[in-house]
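Visitor: Please find one structure pasted underneath; my questions will follow.
The values are calculated or read from the model by the stated rules, or taken from the named source; none is laboratory data. From a predicted model like this one, the values you see are computed outputs, not experimental measurements. Cβ atoms come from the backbone with ideal geometry, glycine included; neighbour counts cover every protein chain shown.
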Amino acid sequence: MHCMKVYQFTDFSLFTVHYSLAMVQFPGTTICADGSDRRFERIAFHGKSAVRILPPDTEAGIREAHSFFHIGTHLFKAGLPVPDIYDFDGHSGILIVEDLGDTLMYHAVLPLRHDDLIQKITALYKDAITLLCDFQWVGTRHFDTRWCFDTPEYNSGFAWEREATYFLDSFLVKHCGIVPEESMVSELKQLCSMVDEQRKTFCLMHRDFQSRNIMIQQGRLRIIDFQGARPGPWGYDLASLVFDPYMDLPEDIRQELVGFYFDKCGWEITREQMAEDFHVTALLRTLQVLGAFSFLSRERQKPFFIPFIEPAVRNLHYLAFRECFSHLTELRLLSTSLMELSCCNAGSAQHSIS
């Protein structure tokens, strides 16, 4: 794995790319987004279908658009299957990118849920894991962390702010009505600190590598929504894929897929260490998911996310009871209680795989 030099972002001049084009003067057809506050429109662009991405009119929105442009350009030039960026206006942050169609990996898996098609599901996920390995290895080379719009890497501080605090505030307090004890807060801080112990195996992470951010175009997997990519622990994206509440994969399939990644990835650490590192990032990812789904359903009024809170709670309970987390006694008690709370059963996922 190629090491990345991490730069602290200090100079916005890196992002002052300007192209002269009237990007908002031709009409488009709205494409529904999940949790993003960006707008997506299908348009005709130089005789072919394309997607126009319009960021929110805020400094953060423009910065995120610049990250999409720089990271997307890097990944595309590296030969990774991200959409081609046809044009970009650095002032407004508007992007025009390749139209990959409408088929998400999520859509492709749903019809295969029956037991007799489980091998097809597994094969598709193994293709996604192979793609993830390429993303981690190839994408890491020559990656410039100055392209990252908020922080230059995923570390313990980031995990505390964006995963644990999100979970405590949006899910536990606002969704479930539970005020966490200080002992719970202390345990989560300890969990977050374990991220920095994995620094030697940091690679490029997507940070939302799941079934609704992988598209299928003409039989080929394509990666979208990569603007949050940055150096971080290798296991986070794998966890995002196999502990994806949208799909709710059975445990036997998850274990097979994780084993497939372990065999393929080439990390020079023991299987035991890999398993522990993976579970740390999987638990952090699950905290983030519960925070995000609660926030989006309550604050953004997006009920689509409600049915997937329950499978995420099941993931939390499963992970909390892994052997490496025997010291997280408060989290184990909490996860057991959450399994019984009606607030976690506001809906049940209709698309889980049985």
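Visitor: In segment 154-181, how many are buried (at least 20 other Cβ atoms within 10 Å of the Cβ) and of a type in the set (D, E)?
Guide: Here the count works out to 1.
Visitor: Conditions: (1) more than 21 Å from A33 (Cβ to Cβ); (2) of a type outside the set (G, A, S); (3) free of Cβ contacts under 8 Å to residues at least 24 places away in the same chain. M184 meets all but one. Number of the miss?
Guide: Single failed check for M184: (3).
Visitor: Now for a separate question. With the condition kept exactly as written, say whether any residue in segment 310-325 is touching a residue at least 12 places away in the same chain (Cβ under 8 Å), under 21 Å from L191 (Cβ atoms) and surrounded by fewer than 15 Cβ atoms within 10 Å (Cβ to Cβ).
Guide: Looking through segment 310-325, at least one residue is touching a residue at least 12 places away in the same chain (Cβ under 8 Å), under 21 Å from L191 (Cβ atoms) and surrounded by fewer than 15 Cβ atoms within 10 Å (Cβ to Cβ).
Visitor: For K264, which of the numbered conditions (1) basic (K, R); (2) in a helix (DSSP H, G or I); (3) over 18 Å from I129 (Cβ atoms) fails to hold?
Guide: (3)
Visitor: I've got another one for you. Within segment 229-236, identify whether any single residue is within 24 Å of I306 (Cα to Cα) and either among the polar types (S, T, N, Q) or at pLDDT 95 or above (or both), and answer yes or no.
Guide: yes
Visitor: Using beta carbons and a limit of 8 Å, which pairs, at least six apart or on different chains, have the first residue in segment 138-149 and assigned by TED's automatic domain parsing to the domain that holds G228 and buried (at least 18 other Cβ atoms within 10 Å of the Cβ) and the second one among the polar types (S, T, N, Q) and assigned to a loop (DSSP other than H, G, I, E, B)?
Guide: The qualifying pairs are F149/Q227.
Visitor: Something else now. Of all residues in segment 51-82, how many are more than 14 Å from R38 (Cβ to Cβ) and in a loop (DSSP other than H, G, I, E, B)?
Guide: Residues in segment 51-82 being more than 14 Å from R38 (Cβ to Cβ) and in a loop (DSSP other than H, G, I, E, B): 5 in total.
Visitor: Let me ask you something else. Would you pick out the residues in segment 23-66 that are surrounded by fewer than 20 Cβ atoms within 10 Å (Cβ to Cβ) and small (G, A, S)?
Guide: Scanning segment 23-66 gives G28, A33, G35, S36, A44, G47, S49, A60, G61.
Visitor: Touching a strand residue (DSSP E or B) at 6+ places or on another chain (Cβ under 6 Å) and either farther than 28 Å from Q119 by Cα or of a type in the set (K, R) (or both): which single residue out of E161, E153, E181 fits that description?
Guide: E153
Visitor: Is there a residue in segment 235-258 that is assigned by TED's automatic domain parsing to the domain that holds A164, within 29 Å of R52 (Cα to Cα), crowded, with 19+ Cβ neighbours inside 10 Å and free of Cβ contacts under 8 Å to residues at least 60 places away in the same chain?
Guide: Yes, some residue in segment 235-258 is assigned by TED's automatic domain parsing to the domain that holds A164, within 29 Å of R52 (Cα to Cα), crowded, with 19+ Cβ neighbours inside 10 Å and free of Cβ contacts under 8 Å to residues at least 60 places away in the same chain.
Visitor: In segment 68-91, what count of residues is obtained for those that are surrounded by 18 or more Cβ atoms within 10 Å (Cβ to Cβ) and on the phi > 0 side of the Ramachandran plot?
Guide: 0
Visitor: Could you please tell me which pairs satisfy a Cβ distance under 8 Å, a separation of 6+ or placement on different chains, a first residue in segment 163-174 that is in the same structural domain as L338 (by TED's automatic domain parsing), and a second residue that is acidic (D, E)?
Guide: So the pair list comes out as S170/E299.
Visitor: Name the strands (runs of 3 or more DSSP E) wholly inside segment 140-248 in which the number of residues that are touching a Phe, Trp or Tyr at 6+ places or on another chain (Cβ under 8 Å) is 3 or more.
Guide: 202-205, 230-233
Visitor: Ok, one more. Return only the number of the condition from (1) modelled with pLDDT under 95; (2) more than 19 Å from the chain's Cα centre (by Cα); (3) more than 25 Å from I121 (Cα to Cα); (4) not aromatic (F, W, Y) that E276 does not satisfy.
Guide: For E276, the exception is condition (1).
Visitor: Still on this structure, I have one more. Being modelled with pLDDT of 95 or more and buried (at least 22 other Cβ atoms within 10 Å of the Cβ): is that true of F226 here?
Guide: Answer is yes for this residue.
Visitor: Next question. Evaluate segment 92-105: report whether one residue or more is surrounded by fewer than 16 Cβ atoms within 10 Å (Cβ to Cβ) and assigned to a helix (DSSP H, G or I).
Guide: Within segment 92-105 (the criterion being surrounded by fewer than 16 Cβ atoms within 10 Å (Cβ to Cβ) and assigned to a helix (DSSP H, G or I)), the answer is no, since none of the residues qualifies.
Visitor: Follow-up. Restrict the check to segment 114-131 and report whether at least one residue is charged (D, E, K, R), surrounded by fewer than 21 Cβ atoms within 10 Å (Cβ to Cβ), at pLDDT 95 or above and in a loop (DSSP other than H, G, I, E, B).
Guide: For segment 114-131, residues charged (D, E, K, R), surrounded by fewer than 21 Cβ atoms within 10 Å (Cβ to Cβ), at pLDDT 95 or above and in a loop (DSSP other than H, G, I, E, B): absent.
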